[in-house]
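What follows is calculated from the coordinates using simple rules that are stated; it is not laboratory data. The structure displayed is predicted, hence computed values, not measured ones. Note that each Cβ is placed from the backbone with ideal geometry, even for glycine, and that neighbours are counted across all protein chains shown.
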Amino acid sequence: MEVTKHDIATLSNDIVAGKFGKPSVSNARHMRKAASGLFNWAAEAGRDYVTASPCVNLPKLDPEHPRTRVLSEDEIRIFWRGLDRDDLPYDRRTRLALKFELVTMLRSRELLGARRDELFDLEGAHPRFDVPLKRVKKRRVIQQPLSDLAVEIIREALTSDDQQFVFESPMYKGQPIHRKAMADALRGTKHEKNKDKTKTAAICELLGLKPFTPHDLRRTAATLAGDLGFDDAWIAKCLDHAASKKAEVVVPTVTGKVYNHSTRMKEKRAVLNGVAAELRRIIGPPVPKALQKMLQTAV
């Protein structure tokens, strides 16, 4: 009850100013949302921990600049082939997870916890990956079709019959790789005591690529799909984004939430298969091991 609107606003301003790390309007917005949820819960009838939420009528935050990083065809080729190099300082499953995000358009959190029992029909004509709602941003089950390229990645990642997590941690058997592993691999890691000193070099740096994040791989895949001529509404379904009202017919809420569980699988499969085929074209045929070693030596 001692927390005031001024306290929330001050904390928000400090986050934007970088007092607790990198300056971030996005983090300030997330803090406000979390605090608002907490105080709304505390103010509900029957609890009455507080009489009102201090998170109302706060000063508006500056708009966030949209991220637009999309990998070019050359960058995709360098990235994909580079992930197959034996001299990179990151484990193979982390690198496969990065490929999987580009191929499936799923968020890192959604794919990293992938379990064997969430995969269906891998040997059949309609393979798919069911992401449970607890790992989905919108708290709804995602049924994501899998292209042949995605299935290849899964098969390589599953190295034993008793492995339950597709992207199992190299350090902790029976657990998925850490949620930050993909981002850390792309940007590198720092020493705990000396933040200015690199502990493990970034994959982007090692491959000579302009820095990007795992989320940029989703944007790159979506851009490839758009360039191939797929409808924005279909691409939105693959990204688990709400489709625009202009792009498709709006159905009643009950129909959308309760009765329509098809999730446009046919359209999603067409998009993801198209992206996989385009990636194969961009990447080209596999590079022989002998040539890989020569290229690594040259780099």
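Tabulated values for the structure
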| read-out | value |
| --- | --- |
| Potential lengthening between residue 49 and residue 190 on full extension [0.36 nm per residue; Cα-Cα distance subtracted] | 46.6 nm |
| Shape category assigned to region 59-122 from the gyration tensor of Cα positions, a/c cut at 1.5 | oblate |
| Value of [θ]222 nm, deg cm²/dmol, for the chain, DSSP H segments ≥ 4, -39500 (n - 2.57) each, nearest 500 | -13500 deg cm²/dmol |
| Globularity index of region 1-65, i.e. its alpha-carbon radius of gyration over 2.2 N^0.38 Å | 1.18 |
| Inter-probe distance in nm under a simple model that places probes 7 Å from Cα toward Cβ, at residue 231 and residue 65 | 3.6 |
| Proximal aspartates and glutamates to residue 237, defined as alpha-carbon separation beneath 17 angstrom and excluding residues fewer than eight positions away on the same chain | 101, 110, 130, 227, 248, 267 |
| Dipole of the chain, positive end: most advanced residue of 129, 238, 34 [Cβ charges, Cα centre] | 34 |
| For the chain, with +1 on Lys and Arg beta carbons and -1 on Asp and Glu, the positive-most of 63, 96, 170 along the dipole | 63 |
| Separation between Cα centres of region 89-139 and region 21-62, rounded to whole Å | 33 |
| Stokes-Einstein D (µm²/s) once Rh is taken as the Kirkwood radius of the chain over alpha-carbon pairs, at 4 °C in 1.567 mPa s | 59 |
| 26 Å Cα-Cα threshold exceeded, pairs from 22/190; 134/190; 60/190; 60/137; 99/180 | 134/190; 60/190 |
| Sequence of 65, 215 once ranked by neighbouring C-beta atoms within 10 Å, starting from the fewest | 65, 215 |
| Qualifying aspartates and glutamates (Cα of each under 14 Å from Cα of residue 33; at least 8 residues distant if same chain) | none |
| Two-site label geometry, residue 130 and residue 215: point separation in nm, points 7 Å out along Cα→Cβ | 2.9 |
| Computed magnitude of the charge dipole of the chain (debye, nearest 20; Cβ of K, R +1, Cβ of D, E -1) | 480 |
| Simple label model, 7 Å out from Cα along Cβ direction - residue 78 to residue 26, nm | 2.3 |
